[in-house]
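Bear in mind these aren't lab numbers, they're just calculated from the coordinates by the rules spelled out. All of these numbers come straight from a predicted model, not from anything done at the bench. In this analysis, Cβ positions are derived from the backbone assuming ideal geometry, glycine residues included, and neighbour counts consider all displayed protein chains.
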Amino acid sequence: MTNRAVTLAALITALSLLGPFLATSYAAESAPAAGISGIAGEPIVRVLAPDAPSGKQWLYQVGLPFQVSPTQAALFCNVREALAQGVDFEVGNDVMVFGSLAELAAAVPVVANRNHVDVNPKSEPAGKPATMVKYPIRGGFVPLGAKRSDGSPHPHAGTGFGLGMVQAWKILQEGPPPYLQNSYSGAEAFGYWEFQQYTFDGTTFRVTATERVPFKDLLSPWQFTNGGIGNAIADGDDLLVPMVGKGSLPQATASGAKGERFNGSGLLRMRRTADAWRPVEFLPVPQASGTIEPSVVRDVDGSLLLAARGGSFEGRRNDIRVRRSQDQGRTWSDLIEARGVISPGPITLNQAADGTPYIAANLREVMPGPKDPLALVAADRKIKLEPGRDTRNTLGVWPLNAARDGLMSPIEVLDGRAKFGPPAGSNWTWRADHPSGMTVRLADGKWHHLLGTRVQDYREIKEAMPPTSRTGMYVYEVLSRGEPRPVWKF
């Protein structure tokens, strides 16, 4: 076996041997009229945020697309500090507006937020200074010029919102890397939501308001401990954004009793009243208890589909699971379950331009041989190497089949080791992770499905290594065969 991630052919062969262990097998069917046909050309790559202080590098990472006008889209782009003081030390978020992929390559970013120093009221002793670290924003937007389904003007066109988690980190003395994880933890952990309001007038994207909201106060009695990966979808005049909530189930369902404690994925309904977007309802998905980082799409028949990362499910983190609601999120059923397919990293459910839902995640890699360079490095560092663990080298997409009862064969987006070779100076591996896709209409009048992801050397966050020449935010276009299905009416 080579030291690269399995090829698609080898993966499919391996999966055929695992047939008895897969709840959902791959469908051997001819190409449908609709469906994903491939990935277009080379991605757009953005690397450096331009406002980094002297002596520091700020790197663009995850890109989450959304529509802002009939001919323009935007991305929430989180920013991470190179040679940072710990894993996932973010420094804020930018918004990039563009009318074509060429414009995206040079779009001038709008700063949404940046880290700041404040006191940690939960430190011991209380009031120690802390860096308030700003994590990726997810949100929703009703594009300028949007209309309702009946053709009347959308009352909230040109407005939207964003939710970004903030966590307190210790302020360290200056010194050489590498550093350890230095966020406050346990009883000293402190964080909140940064809740923003946005407008776009066709020229300028603006942050019009920013509020600090405790986790427990976003929508009482629910406590929201984390967000999804992906932006909101429309539901009438409202927007539904995937979130992680903790509380009690409001009603009995087939998979949970009324009042039963719930901590997992669901949909937060956002409604604009008094010139601001506000949360008004949380729709928990009982089958997704214990999961994190949910994502949602509306299928072509109007039903809601949701997927989430395995979270606390030990032994199930390599699975793809999709749930469906046919009553606007009130009740849910299991739709697809494929065992042992992916690496236990971020997983998202997205929808191509022709309406084909698909999973984006990392292919599960096979165990390398004992003399493989990856295995030798792991042995030298006394790291236990397991198949499928912490391997985010190869990003793939799995289209749902036409019957929505299984997955089609995966399509490769990026195999880092095959595309770039091993990261310079090591035989370790790349990360191409946190994918997020959305269909948008650009200045050419066509609908394009864009998939954003980050690429980095794994050691950049584990060992505070300098960024590579390949590090950055990558945006791919996913192609589909069928006629485009407009996401918004203009």
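Using the beta-carbon distance between PHE490 and ILE171 and R0 = 56 Å, what value does 1/(1 + (r/R0)^6) give for FRET efficiency, to the nearest 0.05?
Numbers: r = 48 Å, r/R0 = 0.86.
It comes to 0.70.
Sequence-ordered 3J(HN,Hα) estimates for segment 267-273 from the Karplus curve with 6.51, -1.76 and 1.60 and θ = phi - 60° stand at 10, 9, 7, 10, 9, 8, 9 Hz, glycine and proline given as x. Over segment 63-177, the alpha carbon radius of gyration divided by the compact-protein estimate 2.2 N^0.38 Å works out to 1.38. Here the residues GLU365, GLU42, GLU188, GLU211, ranked from fewest to most Cβ neighbours within 10 Å of their Cβ, fall in the order GLU42, GLU211, GLU188, GLU365. Our coupling estimate for segment 138-155, obtained by passing each phi through the Karplus curve with A = 6.51, B = -1.76, C = 1.60 and θ = phi - 60°, is 10, x, x, 8, 9, x, 3, x, 5, 10, 6, 4, 8, x, 6, x, 5, x Hz, Gly and Pro reported as x.
Across segment 109-115, coupling constants 3J(HN,Hα) worked out from phi with the 6.51/-1.76/1.60 Karplus curve, θ = phi - 60°, read x, 9, 6, 8, 6, 9, 4 Hz, and Gly and Pro carry x.
Between segment 261-277 and segment 288-361, the C-alpha centres lie 19 angstrom from each other. Residues whose amide H falls under 5 Å from that of ALA49, counting only those 5 or more places apart or on a different chain, are TRP58, LEU59, TYR60, with hydrogens built in the peptide plane.
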